[in-house]
Amino acid sequence: MIDAGVGHPGHLDALAQALAGMPLSVVLLTHGHVDHASGAEALRARWPGVRVRRFGGEQTLVDGESIEAGDTRLQVLHTPGHSPDHCCFGLERTSEIFCGDLVRLGGTVVIPASKGGNLSAYLASLDRVRSLGPARLLPAHGPIIDAPDALIDEYIRHRLERDAQIVEAVAAGRRTPSEIVREVYRGLPEGLVRAAEDTVLARLIKLGGEGRLIEDGDGWRQPG
């Protein structure tokens, strides 16, 4: 099983029905965020012999590791960015990739700097998965992605456009993530503002690492 969910009793019952009496052996976590990992204890309670594995965990996953999975094998792909421990799992038989929170159709992926998100690492992970030429991507949220290259290219294009918008906002005197969000994400619902600020912080850190912006005591500014 890939990802533990949140341990909802209805989900556990559906899983038990699908297993039809067979034991649950291994759960592979794409990453440790609550919606992917918090159900691990409920799974252990229902299936005491189950092993729960994640990158950097007690039974750690190893980048490049090959794991037996029925009539095929899964290759572990460490793809940090959304979180430091994020992994994808490639099906060797079909060239499909279970991609967790790497990408999704109809939405974007938050890079939460306050929780270890790293935009430079995320873009490198997108490049890595694209270079593998997957036939399909199977995300944790939303429908199956039948045109992976096109979606990944769109993600990268969008990120680069946002970088340019943030540099322009800083040049116009916006110094902090909250000021930049009000400038770049106009009309954003209040409930999404904190996530947008966290993502903007990840972008600022990336731009700082590239020498395009500088952080000082009052916020961010252009060099010189």
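The set of residues in segment 133-170 that are touching a Leu at 6+ places or on another chain (Cβ under 8 Å) and small (Gly, Ala, Ser) contains only Gly142.
When Gly187, Gly117 are checked against the criterion of being part of a loop (DSSP other than H, G, I, E, B) and under 18 Å from Gly208 (Cβ atoms), a single residue qualifies: Gly117. Contact map, segment 130-141: residues that are farther than 20 Å from Asp3 by Cβ paired with residues that are part of a loop (DSSP other than H, G, I, E, B), Cβ distance under 8 Å, separation 6+ or inter-chain. Pairs shown: Leu132/Ser95; Gly133/Ser95; Ala135/Thr94; Ala135/Ser95. Among the residues of segment 190-215, those that are small (Gly, Ala, Ser) and either surrounded by fewer than 17 Cβ atoms within 10 Å (Cβ to Cβ) or assigned to a loop (DSSP other than H, G, I, E, B) (or both) comprise Gly191, Ala195, Gly208, Gly209, Gly211. Checking each residue in segment 80-106 for being under 22 Å from Asn118 (Cα atoms) and part of a strand (DSSP E or B) picks out Cys87, Cys88, Phe89, Ile97, Phe98, Cys99, Gly100.
Please verify whether Gly224 is in a helix (DSSP H, G or I) and either of a type outside the set (A, V, I, L, M) or modelled with pLDDT under 95 (or both), treating the condition exactly as stated. The answer is no for Gly224.
Residue-wise test of (1) assigned to a helix (DSSP H, G or I); (2) charged (D, E, K, R); (3) closer than 19 Å to Asp218 by Cβ.
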position: Gly142; (1), (2), (3): no, no, no
position: Glu154; (1), (2), (3): yes, yes, no
position: His158; (1), (2), (3): yes, no, no
position: Arg162; (1), (2), (3): yes, yes, no
position: Arg174; (1), (2), (3): no, yes, yes
position: Ile180; (1), (2), (3): yes, no, yes
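For Leu29, indicate whether it is crowded, with 17+ Cβ neighbours inside 10 Å, under 23 Å from the mean Cα position of the chain (by Cα) and either among the hydrophobic types (A, V, I, L, M, F, W, C) or modelled with pLDDT under 95 (or both). Considered against the rule, which asks whether it is crowded, with 17+ Cβ neighbours inside 10 Å, under 23 Å from the mean Cα position of the chain (by Cα) and either among the hydrophobic types (A, V, I, L, M, F, W, C) or modelled with pLDDT under 95 (or both), Leu29 comes out as yes.
The values are calculated or read from the model by the stated rules, or taken from the named source; none is laboratory data. Nothing here was measured: the structure is a model prediction, and the numbers come from that model. Note that we place each Cβ from the backbone using ideal geometry, even for glycine, and neighbour counts take in every protein chain shown.
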